[in-house]
Structure formats: C-alpha cells, structure tokens
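Student: Quick one: the structure is below, and I'll ask about it shortly.
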Amino acid sequence: MRPSLPLRPLPLVCALSLAFGPAWSQTAAPASDVPPGEAASAAEPAPSDALQLNQIVVTGTSTKTSKMKQSLSISSLGSDQIAKTGATNAAELLRAVPGLRSESSGGDGNANITVRGVPLSAGGSRYVQIQEDGLPVLLFGDIAFGTADEFLRADANVDRLEVLRGGSASTLASNSPGGLINFISKTGKGEQGGSVALSAGLDHRLWRLDADYGGSLGRGTSFHIGGFQRVGEGGRPTGRTLERGGQIKANLTQTFDAGYVRLNLKALDDRTPSLMPVPVQVVDGQIRTIAGIDPRKAFFLTSGLPSDTTVDKNGNAVTSSTRDGLRVRSFAVGLETSLALGGGWTLEDRFRRASNSGRFMALFPADNGGNGQNAFFTGTLFNTSLDDLGNTVNDLKLSRKFAVAGGSATVLGGWFTGVQQVAQTWFWNQYNLTFSNNGAQVVDATGQPSTLPVSSGWETWGGCCARTFDVEYKQNSPYLALTWEGGPLNVDLSVRRDGQRASGSTLAGNAQTRNWDPATRQNVHYKVSHTSYSGGVNYAVSSDLALFGRVSNGVAFSADRLLYGNPLDGSVPIAVNEIDQTELGVKWRDKSGLSLFVTAFNARTNESNYEVTTRTFTANRYRARGLELEGAYSTGPWRLTAGATWTHARIRSANDATLVGNKPRRQADLVWQLAPSYSIGDLEIGAALVGSGKSFGDDANTITMKGYTVVNAFVNYALSEKTTVSVSANNLFDKLAYTEIEGDGHAARALNGRTLRATLKIDF
C-alpha cells in the first residue's frame, strides 16, 4: 500500500507573509465555471429573492440551472451568511442548514451528520458525502476515527456552501444517497483584493490569523490563495495548548474561448482536541450530571495524562503526546477543466490526489465510577493511528444540449473512479481518572496516584480492539442523466452503477505474545455493486412559484465497519446500506422579500452496522417521513432566515425484535434554525438560534435527551469603509445540550459551553 506523504507543520510566519484572512463578500459561481450556453447567477440576490432561488447550483445536478428550475431540495450559504452563523467549525456551520442533523459536539472533526430522519446508527456521515469543489474529501463518510470533516476546514477560502438533500445525490455521486455537502472555493474571478483578520478569545485562550487574496493576473488568468493559522486551548477551558496548526489553499485558473483549466492545491496540518462523551448517570430515564463533571467543559487529557505508549503497525512501541488530540495532515493536488468541444458537446473533468494521515486520540469513559460514588472512573484512551486515508478520485462528464420538439434536452454521461486507502492501527490503553473537569489525575486500582494504565491495549475489552488493517477500495461508477425542458416543465432522469473492489488484510493482537498475531490475519478480497436511480419533475406555475416531485434509490457501501466480522474473502454476501426516497415540494417568493421552500419527504433505510464501543452487530430497517421548511425575509435593515424539519421516524425491523416500532436513537420530532439580523448605520447585530425537541438516547427508548435551544450571537461595527471589529458568542447562554448518550446511560456528549471571541478585519 502507498505510504502517506509527510506534511511539515505550517509556521505562523508563512501565514503572516502571505497575509491570509477571511473575505466575507458573497459571490456567485464564476461565469467561467459554467458551460457555454449557461448563464451564471447574479452576485447578490434581489430583495424579493431572499433564498436566492435564481442562483445557479452546481452540486448534484446534471445541468447547471437555477434552484427555481431544479426538482431538488438544495440550500446555499454565501460567505457573508457563513460568517454570521457563529460557527467555529464545519459541523457547527451545517447546523444552520434545514434538513441536516449535525451533531457538532466532537470538536473540529468526528461529527455525526445525517439528513431527514435517516439513522445515525454509525458515526460520521454514512449517507451524506462531504465534498470540496465537487469531489469527495473521503470516499466513505463513516470511517471509524477518520471522518471526512476531520480533513476539511471551512475558512476564508470558502465562497459558498451548497447542500443537496436527497434527490439526485444518489446518482451523481457515490456513497451519498442521503445528500451532498459541497464547500465551493473562491477562484479570484471577478475579485481583486482580499482581507486579513485577527481573532482573540475573550474568555478562553485563542489567537487566530485568517487571510485571503485573489484577483486577475491578466490574459484570462485568475488566482486565489488563503488560509489560517491558530494557537489556543480549544473550545473548552483545558488550560493547555491543544489547538495548533493551520491550512493553506490556493488555485490558479486559465480561461479561454472554449472553457477553463484550474489547478488546486491544499496543505492542512492541524491539531485540535477531540471531544468524547463524559461520565453521567441516568435517573428515571433522565440524564443527570455527576459531581465534579460538567459535560460542557470536561476534558480529561490533562497534564495528569501527558503521554500514552502504544504499538504501531510493525509492532514497535510508540509514545505520543496527548496534547496532539486529533492530529490531521492532508496534502492535495487537483486539476479541473471544462471545455466546449463543438457541435454542442461539453467535456468536464475533476481530478484530485490527496495524502491524508494523522492520529485520533480521545478518552472515552468505560464506566461512570458507580454513578460517581467511586473516587475514579475507568477511561479507554482511543489512541488510533490514521496510517493512510489517502485517495485518488476523478469525475469525468461529457454532455450535449440540443433542441427537440417543444423544448430542449441535455444528455450527460459520466464516469467516476476512486481509490481510497483505509489503513489504521488501534491500541487502546485504559486509565483510572479522578472526577474533575480539567484537572483529572491518573490513579491505580486503589485510588492512589499513578502514571500507568490499568489495562494494556492487548487486554482492553477482552482484547477486542488491538487491531491493524490496511485495505484498498477501488470504485468505478458509470452514470447517465437525461434532462428535458419545455416551457414551464423540467424533467430529469438518471441512473448510476456503483461497483467496488476491496483488497487488503487485517491483523489482531495477541495478549500472550504482546504483538500482532500472524494467525489472526484475514484477507480482504471482494467486490460489490448496486444500481441506483433518480427521477424528478419541476413545474413553474409562474416565475415566482414552482412545484416539484422526485423518486430516488441509492446505496452507501461500507468500508472498515465490515472488518473483524464476517469473512470478507468473497465467500459470503457483502452487506450494503440502501435508501429509497420520495419528495414533493414547492418554491415560492413574493415581491415583499419573502421566500419559502417546503418539501415533504419519505425515506426508507435498510442497513447493517457494527458499533465499536458496544461490539455488537445490527441489521435494521427504518422509515422516516416528514416536512422540511426553509424561509427567508429581507426588508430594509432587517434580514431573517429560518428553517424547520418535522420528522416521524420509526424502526421497522431489527435483529432485536423488541426495538420494532420505536424511534431511532437521537432523532427529535422537530429541529429548527432561526437567524435574524439588523443593521443601523455602521452597526449590525444578529443571532443564530438552533433548536431541537426531545429525543431518545437509545433505540430501546428508555433514556430521554431533553430538547434545547442554543443561541449564537454577533455584533459588527465598521470603524471605516475597510475595517470592521466584531464580537461573537457561541452558545451565548451556556446551555447544557446533549447530543448523544451511550445505550446503557453511563456517558453522554454535549455541546461546548459559552465561548466569546473578538475579531479585527481589514479589507484591502
């Protein structure tokens, strides 16, 4: 297998010399990115188009046309809107999108993300693909300890975010039947200038420098470069330097009469704390805290546990600093092009090669110390080496638009190929720790101070999780899409054939020999395939009102979550995860500045799963139906965006028959977002509210997680035309908001408590 390429830390001096920083101006897709014959969207929405229904969308569509004409549920956020959400990472940002459920309590990575009642029975984003500029960050969204959001940073490089829920995501991308999340970068087209911003934590230690710059180099050449560098203690009062690192992204575009060619570069080297559940207790089905532990603030990788010694894939001892937490390195090179070939034919191609590696280190409570009655609890240190999560992906499209009787038609043929490495080494020591938010001490079995683990990774949980594996997954996916437009009617049909081949091997540890056991070697050699389809109709009643409907089927293949279970040598069938969806929706706007996007949905999910913390296999069927609402209103100094999703979800069948008819874990009936803002002169104030109704923390529906409303807020003041100072608050009212709990109730994870930061930004 190919080794990951090393990436050196990004020194702060590089960021300073390049003058990085966020630019909050909202721009649309550059005209050069749109095939000949298609118009780009307006840079700013008209007052009567607060949801930007006329904006050209490029995510999960076979033709680049406006939201109003697409039979899809798709939301977009410009960079100015992104800045006002108060989000401190990509997962928090996604909480502002209707229909998405983003459990952003894990820090800057390892978030759980799903859509429209589709279950979160596995970590990560099994059914939703996260993309950068139209290509997947990782081919699988639910790799244990290696989720796509870990290798993505939403910084000043982001021009806009497009989120497709359901629809043609099942046929125009792989492993994404639930939807697509696409972070689209600035390109410098139509720009000349940039900005630099310095942020400081007001109630926690943080220094962060952001910057970007873009513009024209003449003769059809444009560029953009940007990134960030930071140092701090993380989103909790840890008292240690746990945030350290940054990112640089750059692109260079050459346009000509027939289209454009663009080179993309990305270098990410970042350390952030990874946040796990903390010990709690359950009383009468309700979650209760334990004395000394505040789930909003607790962090156990303190100075009392400075390092951890594990074993690498070659059997060598490795000592790592717990300060590293989630350490990720990514170096990516991409090339994309769009060419008019003549005769109405257009060729598009996107390519990226990424080297991804790192380490995931976080402490997971194995118990709650007898409901807090003991002097300590036992924690399992998830010290996982991300040996290689690199990939090579390419998406080639050939399309032609031509006139037919009564309208026009577009035919598009595509071929997606991808190679994803999944190589990790798990070695999890266990430690006894005292109950303390940020000053936990390591103790022995009698409660006396110690520096040693109470269980070696060879024995932890019966030796289940001392493992090393290296598997390569090759994806080949041809697809075909047909679109017809005639007057007010748009019809589109698409089909995709996903094929995957897996090859590699796994090893388990031997507690007696204290090494990897050759006798446990299991070869991985299988192939799996599935044909997905999607069809939709959109009818424009008027220029301000449209109706649409869609039927789709899609699949998400599993990767490492199949390992250490059934044989994977091709001798037994390979389990896949499948979703069938139907959608009906309406889009409407009026001249007063009000816009509405309403979608009714029905999703049926058939999946299998392995849960590492409970070491159990499940095979369940789910059904979710509901209503999704997105609205916006703009008038004078006021702007308001809002979203709500009502979901009725149930477990239809399970290998545990007692669960049938219950609600899936962590699925609230109602989740909602509300973002008002008001401008007066040089002053702008606003907030972003995210709310969730109550839900059950387990599939047995015995533990209730209370509903909550979290408020983020900001105040911006323009000191001059190009200088702005702002103060923002995340979780302004310090709400205790649980996002998940273990099935037996011993540990739960909550959103971070209140954090405040100030930012000085200068445009130039």
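Student: Only residues that are outside any strand (DSSP E or B) and either of a type outside the set (D, E, K, R) or without any contact (Cβ under 8 Å) to a residue 40 or more places away in the chain (or both): list them for the range 745-764, please.
Tutor: In the first step, residues of the range 745-764 are kept if they are outside any strand (DSSP E or B); the result is 745-746, 751-754, 764.
Those that are outside any strand (DSSP E or B) and either of a type outside the set (D, E, K, R) or without any contact (Cβ under 8 Å) to a residue 40 or more places away in the chain (or both): GLY745, HIS746, LEU751, ASN752, GLY753, PHE764.
Okay, residues lined up against (1) crowded, with 24+ Cβ neighbours inside 10 Å; (2) modelled with pLDDT of 95 or more:
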| residue | (1), (2) |
| --- | --- |
| SER170 | yes, yes |
| ALA173 | yes, yes |
| SER185 | no, yes |
| GLU191 | no, no |
| LEU198 | no, yes |
| GLY201 | no, yes |
| TRP207 | no, yes |
| ASP210 | yes, yes |
| LEU217 | no, no |
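Student: Could you check ILE113 against (1) among the β-branched types (Val, Ile, Thr); (2) under 15 Å from the mean Cα position of the chain (by Cα); (3) surrounded by fewer than 24 Cβ atoms within 10 Å (Cβ to Cβ) and say which number it fails?
Tutor: (3)
Student: Taking the condition within 23 Å of PHE331 (Cβ to Cβ) and either in contact with a Lys or Arg (Cβ under 8 Å, 6 or more places away or on another chain) or of a type in the set (D, E, K, R) (or both), does ASP80 pass? Before you say what the answer is, go through the steps one by one.
Tutor: Working: within 23 Å of PHE331 (Cβ to Cβ): no; either in contact with a Lys or Arg (Cβ under 8 Å, 6 or more places away or on another chain) or of a type in the set (D, E, K, R) (or both): yes.
Answer is no for this residue.
Student: Does GLY413 satisfy being modelled with pLDDT under 95, of a type in the set (Gly, Ala, Ser) and surrounded by fewer than 22 Cβ atoms within 10 Å (Cβ to Cβ)?
Tutor: No.
Student: Then there's this: Applying the selection to the range 124-148, what residues are out of contact with any Asp or Glu (no Cβ under 7 Å at 6 or more places or on another chain), touching a residue at least 60 places away in the same chain (Cβ under 8 Å) and under 30 Å from HIS648 (Cβ atoms)?
Tutor: Passing the criteria: TYR127, GLN131, PHE140, GLY141, ASP142.
Student: Now for a separate question. Identify, by number, the condition in (1) crowded, with 22+ Cβ neighbours inside 10 Å; (2) closer than 29 Å to LEU480 by Cβ that ASP580 doesn't meet.
Tutor: It fails just one condition, (1).
Student: Go through (1) within 30 Å of ASN566 (Cα to Cα); (2) among the polar types (S, T, N, Q); (3) under 32 Å from the mean Cα position of the chain (by Cα) and name the single condition ASN437 misses.
Tutor: (1)
Student: Please go through the range 86-133 and pick out each residue that is out of contact with any Phe, Trp or Tyr (no Cβ under 8 Å at 6 or more places or on another chain) and of a type in the set (Ser, Thr, Tyr).
Tutor: Listed by number, the residues that qualify are THR88, SER102, SER104, SER105, SER121, SER125, TYR127.
Student: Filter the strands (runs of 3 or more DSSP E) completely within the range 169-282 down to those with at least 1 residues that are free of Cβ contacts under 8 Å to residues at least 60 places away in the same chain, in contact with a Phe, Trp or Tyr (Cβ under 8 Å, 6 or more places away or on another chain) and farther than 30 Å from LEU72 by Cα. Break it down into steps so the answer makes sense when it comes.
Tutor: Numbers: elements: 179-185, 193-201, 206-218, 221-232, 243-256, 259-272.
Output list reads 206-218, 221-232, 243-256.
Student: ALA619 - would you say it is under 25 Å from the mean Cα position of the chain (by Cα), closer than 22 Å to ARG116 by Cα and at pLDDT 95 or above? Lay out the reasoning, then the answer.
Tutor: Details: under 25 Å from the mean Cα position of the chain (by Cα): yes; closer than 22 Å to ARG116 by Cα: yes; at pLDDT 95 or above: no.
Against the criterion (under 25 Å from the mean Cα position of the chain (by Cα), closer than 22 Å to ARG116 by Cα and at pLDDT 95 or above), ALA619 does not qualify.
Student: Conditions: (1) free of Cβ contacts under 8 Å to residues at least 24 places away in the same chain; (2) in a strand (DSSP E or B); (3) hydroxyl-bearing (Ser, Thr, Tyr). SER720 meets all but one. Number of the miss?
Tutor: Every listed condition holds for SER720 apart from (2).
Student: Need at least 3 residues that are at positive phi, hydroxyl-bearing (Ser, Thr, Tyr) and in contact with an Asp or Glu (Cβ under 9 Å, 6 or more places away or on another chain) per element, so show me which strands (runs of 3 or more DSSP E) inside the range 283-345 make the cut, counting only ones lying wholly within it.
Tutor: Numbers: elements: 286-289, 307-311, 317-321, 326-342.
Here the list is empty.
Student: Still on this model: Please go through (1) modelled with pLDDT of 95 or more; (2) charged (D, E, K, R); (3) within 21 Å of SER75 (Cα to Cα) for ARG604 and return the number of the only condition it doesn't satisfy.
Tutor: ARG604 satisfies all of (1) modelled with pLDDT of 95 or more; (2) charged (D, E, K, R); (3) within 21 Å of SER75 (Cα to Cα) except (3).
Student: Still on this structure, please answer the following. Given the structure, is THR582 touching an Asp or Glu at 6+ places or on another chain (Cβ under 7 Å), outside any loop (DSSP other than H, G, I, E, B) and polar (S, T, N, Q)? Can you show your working first?
Tutor: Numbers: touching an Asp or Glu at 6+ places or on another chain (Cβ under 7 Å): no; outside any loop (DSSP other than H, G, I, E, B): yes; polar (S, T, N, Q): yes.
So THR582 fails the test.
Student: If you don't mind, another one. For the range 406-448, give me each residue that is touching a helix residue (DSSP H, G or I) at 6+ places or on another chain (Cβ under 6 Å) and either farther than 23 Å from ASN391 by Cα or outside any strand (DSSP E or B) (or both).
Tutor: To start, the set of residues in the range 406-448 that are touching a helix residue (DSSP H, G or I) at 6+ places or on another chain (Cβ under 6 Å) comprises 422, 428, 430.
Correct list: TRP428, GLN430.
Student: What are the residues in the range 283-317 that are under 30 Å from TRP516 (Cα atoms) and without any contact (Cβ under 8 Å) to a residue 24 or more places away in the chain, if any?
Tutor: Once the filter is applied, which keeps residues that are under 30 Å from TRP516 (Cα atoms) and without any contact (Cβ under 8 Å) to a residue 24 or more places away in the chain, the range 283-317 yields PRO306, SER307, ASN314, ASN316, ALA317.
Student: Go through the range 529-545 and give me each residue that's closer than 16 Å to GLY178 by Cβ and of a type in the set (Ser, Thr, Tyr).
Tutor: Across the range 529-545, the qualifying residues are SER532, TYR533, SER534.
Student: Then there's this: Mind telling me which of the residues ALA445, ALA481, ALA440 ends up being touching a residue at least 24 places away in the same chain (Cβ under 8 Å), touching a strand residue (DSSP E or B) at 6+ places or on another chain (Cβ under 8 Å), closer than 29 Å to GLN373 by Cβ and of a type in the set (Gly, Ala, Ser)?
Tutor: Working: ALA445 fails: touching a residue at least 24 places away in the same chain (Cβ under 8 Å); ALA481 fails: closer than 29 Å to GLN373 by Cβ.
Only one candidate passes the filter, namely ALA440.
Student: Now for a different question. Which residues, counting only those in the range 84-103, are of a type in the set (Gly, Ala, Ser) and buried (at least 24 other Cβ atoms within 10 Å of the Cβ)?
Tutor: If we filter the range 84-103 for residues that are of a type in the set (Gly, Ala, Ser), which is where we start, we get 86-87, 90-91, 96, 99, 102.
Hits for the range 84-103 are GLY86, ALA90, ALA91, ALA96, GLY99, SER102.
Student: Any idea which of ASP142, ASP159, ASP149 is of a type in the set (Asp, Glu) and more than 14 Å from the chain's Cα centre (by Cα)? Break it down stepwise before answering.
Tutor: Details: ASP142 fails: more than 14 Å from the chain's Cα centre (by Cα); ASP149 fails: more than 14 Å from the chain's Cα centre (by Cα).
Just a single option satisfies the conditions, and that option is ASP159.
Student: Next question. Residue by residue through the range 359-405, note down the ones that are over 30 Å from GLU742 (Cβ atoms), assigned to a strand (DSSP E or B) and among the small types (Gly, Ala, Ser).
Tutor: Within the range 359-405, SER399, ALA403 qualify.
Student: Could you list all residues from the range 126-151 that are within 20 Å of THR88 (Cα to Cα) and not in a loop (DSSP other than H, G, I, E, B)?
Tutor: Selection gives ILE130, GLN131, GLU132, ALA148, ASP149, GLU150, PHE151.
Student: I've got another one for you. Would you mind telling me which numbered condition in (1) touching an Asp or Glu at 6+ places or on another chain (Cβ under 6 Å); (2) farther than 21 Å from GLU472 by Cβ VAL555 fails?
Tutor: Every condition holds for VAL555 apart from (2).
Student: (1) within 20 Å of GLU92 (Cα to Cα); (2) touching a helix residue (DSSP H, G or I) at 6+ places or on another chain (Cβ under 9 Å): which one isn't true of GLN281, the others all being true?
Tutor: All conditions pass for GLN281, except number (1).
Student: Another question, if that's okay. I'd like the residue in the range 724-744 that is among the charged types (D, E, K, R) and in a loop (DSSP other than H, G, I, E, B) and, out of all such residues, is surrounded by the fewest Cβ atoms within 10 Å (Cβ to Cβ). I'd like the intermediate steps shown before the answer.
Tutor: Pass one, the range 724-744, residues among the charged types (D, E, K, R): 734-735, 740, 742, 744.
Those still in the list that are in a loop (DSSP other than H, G, I, E, B) too: 734-735, 742, 744.
Working: ASP734: 15, LYS735: 15, GLU742: 20, ASP744: 13.
The residue in question is ASP744.
Student: Within the range 693-703, track down each residue that is within 25 Å of ASN730 (Cα to Cα) and in a strand (DSSP E or B). Break it down into steps so the answer makes sense when it comes.
Tutor: Here is the first cut: in the range 693-703, the ones within 25 Å of ASN730 (Cα to Cα) are 693-695, 697.
Scanning the range 693-703 gives a single hit, SER695.
The values are calculated or read from the model by the stated rules, or taken from the named source; none is laboratory data. This structure is a prediction, so every number in the text was calculated from the model and none was measured. Because the Cβ atoms are built from the backbone with ideal geometry, glycine has one as well, and the counts that use them run over all protein chains shown.
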